[in-house]
Amino acid sequence: MNQTELEKAVAAHPFFSGLKEDHTRLLADCAIRIHFDRDQVIFRKGETANRFYLIESGTVALESVSGGAEPVTIDVINGGELLGWSWLFPPYVWHFTARATEPTAAIFFYGTVLRECCESDQALCLELFKRMSEVMTRRLQAARVRLVAAYGAEDKTTAAK
């Protein structure tokens, strides 16, 4: 895939819809296309977070892994969505493990390079932060709904005591 095709793919992804052309070009310069096989780990909890992905197709499970217990799926990321924002925030480590649950195509972005670009381009930094904040807010609200559904009745019982 040449750079022009990658720019078009970045611009066409719902996460970057409406982004300024010069920002799209800069992002494409920090990106490559990548593919994950079913059950392939994309990143692990505790590893350095230095990248993020735009999922084009496929599905990725965000999992919480503790000790020898079976992983618990925290969220599922589908085509058209963003995977990974820990590269933006110190200490720059992954808080969950991400695993492809089916063959998955994505665009990989070098987050460390983009952090440097943000130092000189505040408009890009603001745009990235706004878009990622929207994703974080949606995912946190969805997690809250799942937690209330799973533990809500128990919390009411405990609160009454």
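The values are calculated or read from the model by the stated rules, or taken from the named source; none is laboratory data. Given the structure is predicted, the values throughout are model-derived calculations rather than measurements. Positions of Cβ are backbone-derived with ideal geometry, glycine not excepted, and every protein chain shown enters the neighbour counts.
For a quick check of your reading: which strands (runs of 3 or more DSSP E) sit entirely within segment 2-105 and have at least 2 residues that are farther than 18 Å from residue 138 by Cα?
Values: elements: 31-36, 41-43, 51-57, 59-64, 72-78, 97-100.
It comes to 31-36, 41-43, 51-57, 97-100.
Any residue that is at pLDDT below 95, closer than 23 Å to residue 117 by Cβ, surrounded by fewer than 20 Cβ atoms within 10 Å (Cβ to Cβ) and not aromatic (Phe, Trp, Tyr) - is there at least one of those in segment 51-58?
Checked against the condition, which is being at pLDDT below 95, closer than 23 Å to residue 117 by Cβ, surrounded by fewer than 20 Cβ atoms within 10 Å (Cβ to Cβ) and not aromatic (Phe, Trp, Tyr), segment 51-58 yields no hits at all.
Kindly establish whether residue 22 is surrounded by 13 or more Cβ atoms within 10 Å (Cβ to Cβ) and over 13 Å from the mean Cα position of the chain (by Cα). If you could, list the steps in order and put the result at the bottom.
Numbers: surrounded by 13 or more Cβ atoms within 10 Å (Cβ to Cβ): no; over 13 Å from the mean Cα position of the chain (by Cα): yes.
So residue 22 fails the test.
Restricting segment 84-130 to residues that are among the aliphatic types (A, V, I, L, M) and surrounded by fewer than 18 Cβ atoms within 10 Å (Cβ to Cβ), which is nearest to residue 28 (Cα to Cα)? Break it down stepwise before answering.
First, the residues of segment 84-130 that are among the aliphatic types (A, V, I, L, M): 88, 93, 98, 100, 105-107, 113-114, 123-124, 126, 128.
If we keep only those that are surrounded by fewer than 18 Cβ atoms within 10 Å (Cβ to Cβ) too, we end up with 93, 105, 113, 123, 126.
On the way: 93: 24, 105: 16, 113: 12, 123: 17, 126: 18 Å.
The qualifying residue nearest to residue 28 (Cα to Cα) is 113.
Between residues in segment 15-41 that are under 16 Å from residue 125 (Cα atoms) and residues that are aromatic (Phe, Trp, Tyr) and in a strand (DSSP E or B), which pairs lie under 9 Å by C-beta distance while being six or more apart or on different chains?
From residues that are under 16 Å from residue 125 (Cα atoms), the pairs are 27/109; 30/109; 30/110.
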